[in-house]
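Read the structure below first, then the notes.
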Amino acid sequence: MTVLGTETLVQLVNDELALLGSELAQAMAKPTGPFSSVVFGIIDGHHVQLHFLTEPATEMCGVLLASKEVEVLPGQRTGTTFEAAIQEYPWAEAVEALEAN
């Protein structure tokens, strides 16, 4: 996965967040290995990291939202595509956890 590939994925995430009245404002992205990238940004004033992971052996894609401000956010979701993993992620629970902090 390349950093350039994260732009489309962030748009998919923002499509989901828009349903909740939120948005991920991307600050930067960087690869974290040959098959993964991390996007740094802000959701509703909270600094977050959005990890996009691929497992070549199983051909699965994963998404994980992390924040140093919030200890407990919903865990990684996987799917056969990033689109499926993003759609399965409990964005409402994640935004609620960010706002509760």
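The values are calculated or read from the model by the stated rules, or taken from the named source; none is laboratory data. Small disclaimer: the values here were computed from a predicted structure and weren't measured. Every residue, glycine as well, gets a Cβ built from its backbone with ideal geometry; the counts of neighbours run over all protein chains shown.
Answer yes or no as to whether Leu53 is in a loop (DSSP other than H, G, I, E, B) and touching a residue at least 12 places away in the same chain (Cβ under 8 Å). No, not satisfied. For the range 18-35, filtered to residues that are assigned to a loop (DSSP other than H, G, I, E, B) and surrounded by 11 or more Cβ atoms within 10 Å (Cβ to Cβ), the residue that is modelled with the lowest pLDDT is Phe35. In the range 90-101, the qualifying residues are those that are farther than 18 Å from Cys61 by Cβ and touching a residue at least 60 places away in the same chain (Cβ under 8 Å), and the one that is surrounded by the fewest Cβ atoms within 10 Å (Cβ to Cβ) is Ala92. Is it the case, given these coordinates, that Thr6 is in contact with a Ser or Thr (Cβ under 7 Å, 6 or more places away or on another chain), surrounded by 13 or more Cβ atoms within 10 Å (Cβ to Cβ) and at pLDDT below 95? Yes; evaluated as a whole, the condition is true for this residue.
If the condition is being of a type outside the set (A, V, I, L, M, F, W, C) and either surrounded by 15 or more Cβ atoms within 10 Å (Cβ to Cβ) or in a helix (DSSP H, G or I) (or both), then the range 75-89 contributes Arg77, Thr78, Gly79, Glu83, Gln87, Glu88, Tyr89.
Going through (1) in contact (Cβ under 8 Å) with a residue 12 or more places away in the chain; (2) surrounded by fewer than 18 Cβ atoms within 10 Å (Cβ to Cβ) one by one, Thr58 falls short only on (1). Being of a type outside the set (Ser, Thr, Tyr), in a helix (DSSP H, G or I), surrounded by 15 or more Cβ atoms within 10 Å (Cβ to Cβ) and in contact (Cβ under 8 Å) with a residue 12 or more places away in the chain holds for only one residue in Val48, Val13, Val70, Val38, and it is Val13. Being in contact with a helix residue (DSSP H, G or I) (Cβ under 8 Å, 6 or more places away or on another chain) and at pLDDT 95 or above is a description that applies to Val39.
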